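Q: I have a structure I would like to understand better, so I am pasting it below and will then ask my questions one at a time.
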Amino acid sequence: MRKEFLPFSIPTIEDDEINEVVDSLRSGWITTGPKVKRFEEAFKAYVGAPYAVPLSSATAGLHLAMLAIGLGAGDEVITTPMTFAATVSMIVQTGARPVLADIDPDTLNINTDAIREKITGKTKALVPVHFAGQPCDMDVIFALAKEFGLAVIEDAAHAIGTEYKGQRIGSLESISVFSFHPIKNITTGEGGMVATRNESQAEEISLMKFHGMSREAWKRYESSGTPNYDIMLPGFKYNMMDIQAALGIHQLGKLDGFIAKRTEIAEFYNTAFAEVDEIKTPAHVPYDHRHAWHLYTPLIRIEKLAIDRDRFMEELKKENIGTGLHFKAVHHHPYYRKTLNIPPGELPNADYASDRILSLPLFPKMSMGDAMDVVESVKNVIARNRK
Ligand SMILES: *Cc1c(COP(=O)(O)O)cnc(C)c1O
(Lines give C-alpha, C1' and ligand atoms only; values in the text may rest on other atoms or scores of the structure.)
Protein backbone atom coordinates (compact mmCIF):
# COMPACT_ATOMS: atom_id res chain seq x y z
CA MET A 1 0.00 0.00 0.00
CA ARG A 2 1.29 3.49 -0.82
CA LYS A 3 2.47 5.73 2.01
CA GLU A 4 1.27 9.05 0.60
CA PHE A 5 -2.31 9.88 -0.30
CA LEU A 6 -2.87 10.09 -4.07
CA PRO A 7 -5.64 12.62 -4.76
CA PHE A 8 -8.14 11.99 -7.54
CA SER A 9 -6.93 15.15 -9.34
CA ILE A 10 -4.20 17.81 -9.02
CA PRO A 11 -3.86 20.69 -11.51
CA THR A 12 -0.51 21.13 -13.28
CA ILE A 13 0.61 24.66 -12.39
CA GLU A 14 4.19 25.51 -13.39
CA ASP A 15 6.52 28.53 -13.32
CA ASP A 16 5.14 30.04 -16.53
CA GLU A 17 1.59 30.15 -15.11
CA ILE A 18 2.86 31.52 -11.79
CA ASN A 19 5.01 34.20 -13.44
CA GLU A 20 2.14 35.30 -15.67
CA VAL A 21 -0.16 35.74 -12.65
CA VAL A 22 2.56 37.68 -10.80
CA ASP A 23 2.98 39.85 -13.90
CA SER A 24 -0.74 40.67 -13.78
CA LEU A 25 -0.60 41.44 -10.07
CA ARG A 26 2.39 43.77 -10.53
CA SER A 27 0.94 45.44 -13.64
CA GLY A 28 -1.92 47.06 -11.73
CA TRP A 29 -4.44 45.41 -14.09
CA ILE A 30 -6.02 42.50 -12.24
CA THR A 31 -9.53 42.11 -13.61
CA THR A 32 -10.87 41.77 -17.19
CA GLY A 33 -8.30 43.22 -19.57
CA PRO A 34 -5.65 42.40 -22.17
CA LYS A 35 -4.89 38.88 -20.90
CA VAL A 36 -8.54 37.87 -21.07
CA LYS A 37 -8.52 39.06 -24.69
CA ARG A 38 -5.33 37.06 -25.37
CA PHE A 39 -6.84 33.94 -23.81
CA GLU A 40 -10.05 34.40 -25.81
CA GLU A 41 -8.07 34.64 -29.08
CA ALA A 42 -5.92 31.59 -28.25
CA PHE A 43 -9.01 29.60 -27.26
CA LYS A 44 -10.84 30.47 -30.50
CA ALA A 45 -7.82 29.41 -32.52
CA TYR A 46 -7.53 26.13 -30.60
CA VAL A 47 -11.16 24.99 -30.82
CA GLY A 48 -11.88 26.60 -34.19
CA ALA A 49 -14.71 28.86 -33.04
CA PRO A 50 -15.31 32.21 -34.74
CA TYR A 51 -16.65 33.73 -31.49
CA ALA A 52 -15.94 33.03 -27.82
CA VAL A 53 -16.85 34.77 -24.58
CA PRO A 54 -14.65 34.30 -21.47
CA LEU A 55 -16.63 34.01 -18.23
CA SER A 56 -16.29 33.36 -14.49
CA SER A 57 -17.43 29.71 -14.79
CA ALA A 58 -19.14 27.17 -17.03
CA THR A 59 -22.20 27.52 -14.81
CA ALA A 60 -22.34 31.20 -15.81
CA GLY A 61 -21.86 30.12 -19.44
CA LEU A 62 -24.76 27.65 -19.29
CA HIS A 63 -26.94 30.33 -17.72
CA LEU A 64 -26.16 32.94 -20.39
CA ALA A 65 -26.33 30.47 -23.29
CA MET A 66 -29.77 29.38 -22.09
CA LEU A 67 -30.95 32.99 -21.80
CA ALA A 68 -29.49 33.76 -25.24
CA ILE A 69 -31.65 31.07 -26.87
CA GLY A 70 -34.65 32.53 -25.05
CA LEU A 71 -35.43 29.76 -22.56
CA GLY A 72 -38.12 30.59 -20.04
CA ALA A 73 -41.25 29.43 -18.23
CA GLY A 74 -43.23 26.79 -20.12
CA ASP A 75 -40.23 25.46 -22.06
CA GLU A 76 -38.78 21.96 -21.71
CA VAL A 77 -35.08 21.16 -22.13
CA ILE A 78 -33.84 17.62 -22.66
CA THR A 79 -30.56 16.69 -21.02
CA THR A 80 -28.80 13.76 -19.40
CA PRO A 81 -29.16 12.52 -15.81
CA MET A 82 -25.39 11.76 -15.71
CA THR A 83 -24.15 15.31 -15.29
CA PHE A 84 -23.15 17.86 -12.71
CA ALA A 85 -25.94 19.76 -10.99
CA ALA A 86 -25.08 22.99 -12.87
CA THR A 87 -26.48 21.66 -16.18
CA VAL A 88 -29.96 21.18 -14.76
CA SER A 89 -29.94 23.93 -12.14
CA MET A 90 -29.32 26.56 -14.84
CA ILE A 91 -32.29 25.18 -16.83
CA VAL A 92 -34.40 25.62 -13.68
CA GLN A 93 -33.02 29.16 -13.15
CA THR A 94 -34.37 30.27 -16.55
CA GLY A 95 -37.84 29.06 -15.54
CA ALA A 96 -37.73 26.11 -17.97
CA ARG A 97 -38.20 22.47 -16.99
CA PRO A 98 -35.40 19.89 -17.28
CA VAL A 99 -36.45 16.60 -18.90
CA LEU A 100 -34.01 13.71 -18.44
CA ALA A 101 -33.38 11.18 -21.22
CA ASP A 102 -31.56 7.95 -20.36
CA ILE A 103 -27.92 7.27 -21.18
CA ASP A 104 -26.10 4.67 -23.21
CA PRO A 105 -25.07 1.99 -20.67
CA ASP A 106 -21.54 1.65 -22.09
CA THR A 107 -20.36 5.18 -22.97
CA LEU A 108 -22.63 6.92 -20.40
CA ASN A 109 -23.42 9.65 -22.96
CA ILE A 110 -27.06 10.59 -23.55
CA ASN A 111 -28.89 8.08 -25.78
CA THR A 112 -30.22 9.76 -28.92
CA ASP A 113 -33.24 7.37 -29.21
CA ALA A 114 -34.16 8.31 -25.65
CA ILE A 115 -33.96 12.01 -26.61
CA ARG A 116 -36.46 11.46 -29.46
CA GLU A 117 -38.91 9.76 -27.07
CA LYS A 118 -38.84 12.77 -24.72
CA ILE A 119 -39.54 15.45 -27.34
CA THR A 120 -42.93 17.18 -26.89
CA GLY A 121 -44.55 20.35 -28.23
CA LYS A 122 -42.93 22.24 -25.33
CA THR A 123 -39.35 21.09 -26.02
CA LYS A 124 -37.18 24.07 -26.89
CA ALA A 125 -33.59 22.84 -26.53
CA LEU A 126 -31.27 19.86 -26.23
CA VAL A 127 -28.32 19.99 -23.83
CA PRO A 128 -25.98 17.04 -24.45
CA VAL A 129 -22.99 16.61 -22.11
CA HIS A 130 -19.78 15.13 -23.57
CA PHE A 131 -19.32 12.77 -20.66
CA ALA A 132 -15.74 12.35 -19.40
CA GLY A 133 -14.45 13.95 -22.62
CA GLN A 134 -16.10 11.68 -25.23
CA PRO A 135 -18.27 13.41 -27.82
CA CYS A 136 -22.00 12.73 -28.01
CA ASP A 137 -23.32 11.72 -31.44
CA MET A 138 -23.75 15.32 -32.64
CA ASP A 139 -24.87 14.47 -36.21
CA VAL A 140 -27.89 12.66 -34.78
CA ILE A 141 -28.51 15.40 -32.19
CA PHE A 142 -28.35 18.15 -34.85
CA ALA A 143 -30.70 16.15 -37.11
CA LEU A 144 -33.22 15.86 -34.24
CA ALA A 145 -32.84 19.57 -33.52
CA LYS A 146 -33.52 20.39 -37.16
CA GLU A 147 -36.50 18.03 -37.42
CA PHE A 148 -38.22 19.54 -34.35
CA GLY A 149 -36.87 23.13 -34.52
CA LEU A 150 -34.80 22.96 -31.32
CA ALA A 151 -31.72 24.83 -30.11
CA VAL A 152 -28.61 22.87 -29.03
CA ILE A 153 -26.29 23.85 -26.20
CA GLU A 154 -23.35 21.51 -25.66
CA ASP A 155 -22.20 21.20 -22.05
CA ALA A 156 -18.53 20.86 -22.99
CA ALA A 157 -17.20 21.18 -19.42
CA HIS A 158 -15.30 17.90 -19.94
CA ALA A 159 -14.55 18.40 -23.59
CA ILE A 160 -11.80 20.92 -24.29
CA GLY A 161 -9.66 19.05 -26.82
CA THR A 162 -12.40 16.53 -27.65
CA GLU A 163 -12.91 15.87 -31.35
CA TYR A 164 -16.01 14.58 -33.13
CA LYS A 165 -15.43 13.18 -36.65
CA GLY A 166 -12.36 15.35 -37.08
CA GLN A 167 -13.89 18.55 -35.67
CA ARG A 168 -13.02 20.04 -32.31
CA ILE A 169 -15.87 20.48 -29.84
CA GLY A 170 -16.46 24.24 -29.81
CA SER A 171 -16.47 24.55 -33.60
CA LEU A 172 -19.85 22.87 -34.29
CA GLU A 173 -23.17 24.54 -35.20
CA SER A 174 -24.34 25.14 -31.61
CA ILE A 175 -23.36 27.05 -28.49
CA SER A 176 -20.85 25.13 -26.41
CA VAL A 177 -19.81 25.82 -22.84
CA PHE A 178 -16.39 24.97 -21.37
CA SER A 179 -15.14 24.88 -17.76
CA PHE A 180 -11.71 25.74 -16.37
CA HIS A 181 -12.39 24.58 -12.80
CA PRO A 182 -9.22 23.06 -11.24
CA ILE A 183 -10.22 19.45 -11.91
CA LYS A 184 -10.96 20.08 -15.61
CA ASN A 185 -8.45 19.45 -18.42
CA ILE A 186 -7.11 23.01 -18.20
CA THR A 187 -7.71 25.46 -15.38
CA THR A 188 -7.95 29.19 -14.69
CA GLY A 189 -8.79 28.58 -11.00
CA GLU A 190 -12.45 29.23 -11.67
CA GLY A 191 -13.47 30.11 -15.20
CA GLY A 192 -15.46 29.23 -18.27
CA MET A 193 -15.88 30.00 -21.97
CA VAL A 194 -18.80 30.02 -24.37
CA ALA A 195 -18.03 29.28 -28.03
CA THR A 196 -20.41 29.93 -30.92
CA ARG A 197 -20.54 30.51 -34.66
CA ASN A 198 -23.31 33.05 -34.20
CA GLU A 199 -22.09 36.64 -33.91
CA SER A 200 -25.27 38.13 -32.47
CA GLN A 201 -25.47 35.36 -29.86
CA ALA A 202 -21.86 36.07 -28.84
CA GLU A 203 -22.68 39.77 -28.67
CA GLU A 204 -25.70 39.19 -26.43
CA ILE A 205 -23.82 36.82 -24.09
CA SER A 206 -21.01 39.35 -23.92
CA LEU A 207 -23.45 42.11 -22.96
CA MET A 208 -25.16 39.98 -20.31
CA LYS A 209 -21.89 38.89 -18.70
CA PHE A 210 -21.01 42.40 -17.49
CA HIS A 211 -23.97 44.47 -16.31
CA GLY A 212 -25.33 44.85 -19.86
CA MET A 213 -22.48 47.22 -20.78
CA SER A 214 -21.34 47.39 -24.40
CA ARG A 215 -18.68 44.80 -25.42
CA GLU A 216 -15.40 46.65 -24.91
CA ALA A 217 -16.54 48.32 -21.69
CA TRP A 218 -13.43 47.23 -19.79
CA LYS A 219 -11.41 49.68 -21.85
CA ARG A 220 -13.14 52.64 -20.22
CA TYR A 221 -10.26 53.03 -17.75
CA GLU A 222 -7.56 52.73 -20.44
CA SER A 223 -6.08 55.66 -22.31
CA SER A 224 -7.90 54.55 -25.48
CA GLY A 225 -11.29 54.34 -23.72
CA THR A 226 -13.78 56.83 -22.36
CA PRO A 227 -15.19 56.69 -18.81
CA ASN A 228 -18.78 56.99 -19.99
CA TYR A 229 -20.80 53.83 -20.66
CA ASP A 230 -24.28 52.69 -21.64
CA ILE A 231 -26.36 49.92 -20.06
CA MET A 232 -28.12 48.05 -22.85
CA LEU A 233 -29.92 45.43 -20.70
CA PRO A 234 -30.05 44.25 -17.06
CA GLY A 235 -26.95 42.05 -16.99
CA PHE A 236 -24.97 39.85 -14.62
CA LYS A 237 -21.42 39.93 -13.18
CA TYR A 238 -19.94 36.87 -14.90
CA ASN A 239 -16.70 38.27 -16.37
CA MET A 240 -13.32 36.52 -16.27
CA MET A 241 -10.35 38.30 -14.62
CA ASP A 242 -6.87 38.80 -16.12
CA ILE A 243 -5.33 36.84 -13.23
CA GLN A 244 -7.51 33.88 -14.30
CA ALA A 245 -6.70 34.29 -18.00
CA ALA A 246 -2.98 34.48 -17.09
CA LEU A 247 -3.25 30.82 -16.08
CA GLY A 248 -5.36 29.89 -19.09
CA ILE A 249 -2.95 31.31 -21.68
CA HIS A 250 -0.22 28.89 -20.56
CA GLN A 251 -2.54 25.97 -19.76
CA LEU A 252 -3.98 26.03 -23.28
CA GLY A 253 -0.50 25.64 -24.81
CA LYS A 254 -0.01 22.48 -22.74
CA LEU A 255 -3.44 20.94 -23.37
CA ASP A 256 -2.44 18.45 -26.09
CA GLY A 257 0.42 17.23 -23.89
CA PHE A 258 -1.97 16.90 -20.95
CA ILE A 259 -4.40 14.86 -23.05
CA ALA A 260 -1.58 12.58 -24.28
CA LYS A 261 -0.62 11.85 -20.66
CA ARG A 262 -4.24 11.31 -19.60
CA THR A 263 -4.74 8.92 -22.54
CA GLU A 264 -1.66 6.90 -21.59
CA ILE A 265 -2.90 6.44 -18.02
CA ALA A 266 -6.50 5.71 -19.07
CA GLU A 267 -5.31 3.06 -21.54
CA PHE A 268 -3.12 1.53 -18.84
CA TYR A 269 -6.18 1.30 -16.55
CA ASN A 270 -8.32 -0.18 -19.34
CA THR A 271 -5.74 -2.91 -19.98
CA ALA A 272 -5.18 -3.60 -16.28
CA PHE A 273 -8.92 -3.92 -15.55
CA ALA A 274 -9.90 -5.80 -18.72
CA GLU A 275 -9.67 -9.16 -16.94
CA VAL A 276 -11.27 -8.01 -13.68
CA ASP A 277 -14.88 -9.28 -13.60
CA GLU A 278 -15.97 -6.85 -10.92
CA ILE A 279 -15.09 -3.82 -13.07
CA LYS A 280 -16.83 -2.54 -16.18
CA THR A 281 -14.35 -0.30 -17.97
CA PRO A 282 -15.56 2.75 -19.93
CA ALA A 283 -16.35 2.01 -23.60
CA HIS A 284 -15.36 4.14 -26.58
CA VAL A 285 -18.07 5.70 -28.75
CA PRO A 286 -18.36 3.85 -32.10
CA TYR A 287 -17.65 6.83 -34.41
CA ASP A 288 -14.43 8.70 -35.20
CA HIS A 289 -13.37 10.81 -32.22
CA ARG A 290 -10.61 12.00 -29.93
CA HIS A 291 -11.34 11.30 -26.27
CA ALA A 292 -10.03 14.12 -24.03
CA TRP A 293 -10.02 11.72 -21.06
CA HIS A 294 -11.17 14.29 -18.51
CA LEU A 295 -12.29 11.44 -16.24
CA TYR A 296 -11.65 7.73 -15.88
CA THR A 297 -14.98 6.34 -14.67
CA PRO A 298 -15.30 2.55 -14.38
CA LEU A 299 -18.44 0.96 -12.92
CA ILE A 300 -17.98 -1.35 -9.93
CA ARG A 301 -20.19 -4.44 -10.31
CA ILE A 302 -21.41 -4.23 -6.72
CA GLU A 303 -23.68 -7.25 -7.16
CA LYS A 304 -20.49 -9.35 -7.08
CA LEU A 305 -19.26 -7.67 -3.88
CA ALA A 306 -20.31 -7.50 -0.23
CA ILE A 307 -19.94 -3.70 -0.18
CA ASP A 308 -21.60 -0.83 -2.04
CA ARG A 309 -19.87 1.87 -4.12
CA ASP A 310 -19.58 4.37 -1.26
CA ARG A 311 -17.90 1.73 0.92
CA PHE A 312 -15.66 0.85 -2.03
CA MET A 313 -14.49 4.48 -2.16
CA GLU A 314 -13.88 4.48 1.61
CA GLU A 315 -11.82 1.29 1.30
CA LEU A 316 -9.74 2.91 -1.45
CA LYS A 317 -9.18 5.95 0.77
CA LYS A 318 -7.82 3.64 3.48
CA GLU A 319 -5.37 2.44 0.79
CA ASN A 320 -4.40 6.12 0.27
CA ILE A 321 -6.16 6.35 -3.09
CA GLY A 322 -8.50 9.29 -3.64
CA THR A 323 -11.61 9.01 -5.79
CA GLY A 324 -14.30 11.28 -7.19
CA LEU A 325 -18.01 10.78 -7.91
CA HIS A 326 -19.04 11.90 -11.42
CA PHE A 327 -21.88 11.60 -11.08
CA LYS A 328 -24.67 10.65 -8.77
CA ALA A 329 -27.57 10.85 -11.26
CA VAL A 330 -29.45 14.15 -11.20
CA HIS A 331 -32.80 12.53 -10.27
CA HIS A 332 -31.21 10.87 -7.20
CA HIS A 333 -30.63 14.27 -5.54
CA PRO A 334 -33.28 15.41 -3.04
CA TYR A 335 -34.32 18.58 -4.92
CA TYR A 336 -34.82 16.76 -8.24
CA ARG A 337 -36.46 13.75 -6.59
CA LYS A 338 -39.02 16.19 -5.23
CA THR A 339 -39.51 18.36 -8.32
CA LEU A 340 -39.06 16.05 -11.33
CA ASN A 341 -41.21 13.16 -10.04
CA ILE A 342 -39.45 10.61 -12.22
CA PRO A 343 -41.15 7.21 -11.79
CA PRO A 344 -38.84 4.39 -10.58
CA GLY A 345 -37.38 2.46 -13.51
CA GLU A 346 -37.81 5.33 -16.00
CA LEU A 347 -34.00 5.82 -16.38
CA PRO A 348 -32.60 2.32 -15.77
CA ASN A 349 -29.15 2.87 -17.32
CA ALA A 350 -28.56 6.05 -15.33
CA ASP A 351 -29.75 4.32 -12.14
CA TYR A 352 -27.36 1.42 -12.79
CA ALA A 353 -24.38 3.70 -13.44
CA SER A 354 -25.20 6.11 -10.62
CA ASP A 355 -24.93 3.38 -7.99
CA ARG A 356 -21.73 1.88 -9.42
CA ILE A 357 -19.62 4.67 -10.84
CA LEU A 358 -16.48 6.21 -9.40
CA SER A 359 -13.64 8.33 -10.77
CA LEU A 360 -10.12 7.01 -10.28
CA PRO A 361 -7.07 9.32 -10.11
CA LEU A 362 -6.32 10.76 -13.56
CA PHE A 363 -4.16 13.85 -14.05
CA PRO A 364 -1.10 14.70 -16.15
CA LYS A 365 1.37 14.89 -13.25
CA MET A 366 0.62 11.28 -12.20
CA SER A 367 3.40 8.77 -12.71
CA MET A 368 2.94 5.26 -14.09
CA GLY A 369 3.94 4.11 -10.58
CA ASP A 370 0.95 6.04 -9.19
CA ALA A 371 -1.32 4.36 -11.75
CA MET A 372 0.06 0.93 -10.78
CA ASP A 373 -0.69 1.73 -7.11
CA VAL A 374 -4.28 2.54 -8.07
CA VAL A 375 -4.69 -0.76 -9.93
CA GLU A 376 -3.17 -2.75 -7.06
CA SER A 377 -5.41 -1.06 -4.47
CA VAL A 378 -8.56 -1.55 -6.55
CA LYS A 379 -7.70 -5.24 -6.90
CA ASN A 380 -6.98 -5.47 -3.13
CA VAL A 381 -10.33 -3.94 -2.22
CA ILE A 382 -12.10 -6.36 -4.59
CA ALA A 383 -10.22 -9.37 -3.22
CA ARG A 384 -11.10 -8.43 0.38
CA ASN A 385 -14.79 -7.88 -0.39
CA ARG A 386 -15.84 -10.61 -2.85
CA LYS A 387 -19.21 -12.19 -2.03
C1 LIG B 1 -17.69 21.12 -13.93
C2 LIG B 1 -18.97 21.02 -14.67
C3 LIG B 1 -19.82 22.12 -14.86
C4 LIG B 1 -19.63 23.42 -14.15
O5 LIG B 1 -18.41 24.03 -14.37
P6 LIG B 1 -17.99 25.30 -13.51
O7 LIG B 1 -16.91 25.94 -14.29
O8 LIG B 1 -17.51 24.76 -12.19
O9 LIG B 1 -19.17 26.17 -13.33
C10 LIG B 1 -20.92 21.97 -15.68
N11 LIG B 1 -21.20 20.80 -16.28
C12 LIG B 1 -20.43 19.71 -16.09
C13 LIG B 1 -20.78 18.45 -16.81
C14 LIG B 1 -19.30 19.78 -15.27
O15 LIG B 1 -18.55 18.68 -15.07
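The values are calculated or read from the model by the stated rules, or taken from the named source; none is laboratory data. Quick caveat, the model's predicted, so the values are computed rather than measured. Virtual Cβ from ideal backbone geometry, glycine too; neighbours counted across all protein chains shown. With ligands, DNA and RNA removed, areas are computed over all heavy atoms of the protein, side chains included. Shrake-Rupley method; radii C 1.70, N 1.55, O 1.52, S 1.80 Å.
Q: If you go through region 185-200 one residue at a time, how many are within 11 Å of the ligand (Cβ to nearest atom) and without any contact (Cβ under 8 Å) to a residue 60 or more places away in the chain?
A: Adding up the residues that qualify gives 1.
Q: Can you name the residue in region 283-323 that is loosely packed, with under 15 Cβ neighbours inside 10 Å and of a type in the set (Asp, Glu) and is also farthest from Pro11 (Cα to Cα) among such residues?
A: Ranking the qualifying residues of region 283-323, first place goes to Glu303.
Q: Being aliphatic (A, V, I, L, M), open to solvent by 40 Å² or more (accessible area, probe 1.4 Å) and touching a residue at least 12 places away in the same chain (Cβ under 8 Å) is the filter here, so list the residues in region 5-21 that pass it.
A: Here is the first cut: in region 5-21, the ones aliphatic (A, V, I, L, M) are 6, 10, 13, 18, 21.
Narrowing further to those that are open to solvent by 40 Å² or more (accessible area, probe 1.4 Å): 10, 13, 18.
Selection gives Ile10, Ile13.
Q: Identify all residues within region 72-85 that are within 9 Å of the ligand (Cβ to nearest atom) and surrounded by fewer than 22 Cβ atoms within 10 Å (Cβ to Cβ); write none if there are none.
A: If the condition is that a residue be within 9 Å of the ligand (Cβ to nearest atom) and surrounded by fewer than 22 Cβ atoms within 10 Å (Cβ to Cβ), then Phe84, Ala85 are the ones that fit.
Q: Residues Glu222, Glu190: which one is out of contact with any strand residue (DSSP E or B) (no Cβ under 8 Å at 6 or more places or on another chain), surrounded by fewer than 18 Cβ atoms within 10 Å (Cβ to Cβ), of a type in the set (D, E, K, R) and within 19 Å of Gly33 (Cβ to Cβ)? Walk me through how you get there before you give the answer.
A: Working: Glu190 fails: surrounded by fewer than 18 Cβ atoms within 10 Å (Cβ to Cβ).
Selected residue: Glu222, the only one of Glu222, Glu190 that is out of contact with any strand residue (DSSP E or B) (no Cβ under 8 Å at 6 or more places or on another chain), surrounded by fewer than 18 Cβ atoms within 10 Å (Cβ to Cβ), of a type in the set (D, E, K, R) and within 19 Å of Gly33 (Cβ to Cβ).
Q: Report every pair of residues separated by at least 6 positions or lying on different chains whose Cβ atoms are under 6 Å apart, first residue within region 83-110 and free of Cβ contacts under 8 Å to residues at least 60 places away in the same chain, second part of a loop (DSSP other than H, G, I, E, B) and open to solvent by 20 Å² or more (accessible area, probe 1.4 Å).
A: Gly95/Ala73; Ala96/Asp75
Matching residues to (1) under 23 Å from the mean Cα position of the chain (by Cα); (2) assigned by TED's automatic domain parsing to the domain that holds Glu222:
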| position | (1), (2) |
| --- | --- |
| Ser9 | yes, no |
| Leu25 | no, yes |
| Gly28 | no, yes |
| Phe43 | yes, yes |
| Val47 | yes, yes |
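Q: Yes or no: Pro182 part of a loop (DSSP other than H, G, I, E, B), in the same structural domain as Ala60 (by TED's automatic domain parsing) and within 16 Å of the ligand (Cβ to nearest atom)? Break it down into steps so the answer makes sense when it comes.
A: Working: part of a loop (DSSP other than H, G, I, E, B): yes; in the same structural domain as Ala60 (by TED's automatic domain parsing): yes; within 16 Å of the ligand (Cβ to nearest atom): yes.
Answer is yes for this residue.
Q: Starting from region 291-315, keep only residues that are assigned to a helix (DSSP H, G or I), then list their pairs with residues that are open to solvent by less than 10 Å² (accessible area, probe 1.4 Å) whose Cβ atoms are within a distance under 7 Å, requiring at least 6 positions of separation or different chains.
A: Listed by first residue and then by second, the contacts come to Arg309/Ile300; Arg309/Leu358; Phe312/Ile300; Phe312/Leu358; Phe312/Val381; Met313/Leu358; Glu315/Val381.
Q: Does Val276 qualify as being out of contact with any Leu (no Cβ under 8 Å at 6 or more places or on another chain), part of a loop (DSSP other than H, G, I, E, B), touching a residue at least 40 places away in the same chain (Cβ under 8 Å) and open to solvent by less than 20 Å² (accessible area, probe 1.4 Å)? Give the steps one after another, and end with the answer.
A: Values: out of contact with any Leu (no Cβ under 8 Å at 6 or more places or on another chain): yes; part of a loop (DSSP other than H, G, I, E, B): yes; touching a residue at least 40 places away in the same chain (Cβ under 8 Å): yes; open to solvent by less than 20 Å² (accessible area, probe 1.4 Å): no.
So Val276 does not fit the description; no.
Q: Of the conditions (1) free of Cβ contacts under 8 Å to residues at least 24 places away in the same chain; (2) surrounded by fewer than 16 Cβ atoms within 10 Å (Cβ to Cβ), Asp351 fails just one. Which one is it?
A: (2)
Q: Just checking: which of the helices (runs of 4 or more DSSP H) contained wholly in region 12-86 hold 2 or more residues that are among the polar types (S, T, N, Q), out of contact with any Lys or Arg (no Cβ under 7 Å at 6 or more places or on another chain) and over 25 Å from Gly225 (Cα atoms)?
A: Numbers: elements: 15-27, 34-47, 58-68.
Counting at least 2 such residues, we get no helices (runs of 4 or more DSSP H) at all.
Q: Still on this model: Taking region 154-179 as the search range and keeping residues that are within 13 Å of the ligand (Cβ to nearest atom) and part of a strand (DSSP E or B), which one is surrounded by the most Cβ atoms within 10 Å (Cβ to Cβ)? Reasoning before the result, please.
A: Step one: list which residues in region 154-179 are within 13 Å of the ligand (Cβ to nearest atom), which gives 154-160, 162, 169, 176-179.
Right, trim to part of a strand (DSSP E or B) and you get 154-155, 176-179.
Numbers: Glu154: 27, Asp155: 27, Ser176: 29, Val177: 33, Phe178: 30, Ser179: 30.
That would be Val177.
Q: OK, next. Go through Ser200, Ser206 for me and flag whichever is open to solvent by less than 70 Å² (accessible area, probe 1.4 Å), within 22 Å of Glu41 (Cα to Cα) and among the hydroxyl-bearing types (Ser, Thr, Tyr).
A: The match here is Ser206.
Q: Name the residues in region 110-153 that are of a type in the set (D, E, K, R) and assigned to a helix (DSSP H, G or I), would you?
A: At the first step, the residues of region 110-153 found to be of a type in the set (D, E, K, R) are 113, 116-118, 122, 124, 137, 139, 146-147.
Matches in region 110-153: Asp113, Arg116, Glu117, Lys118, Asp139, Lys146, Glu147.
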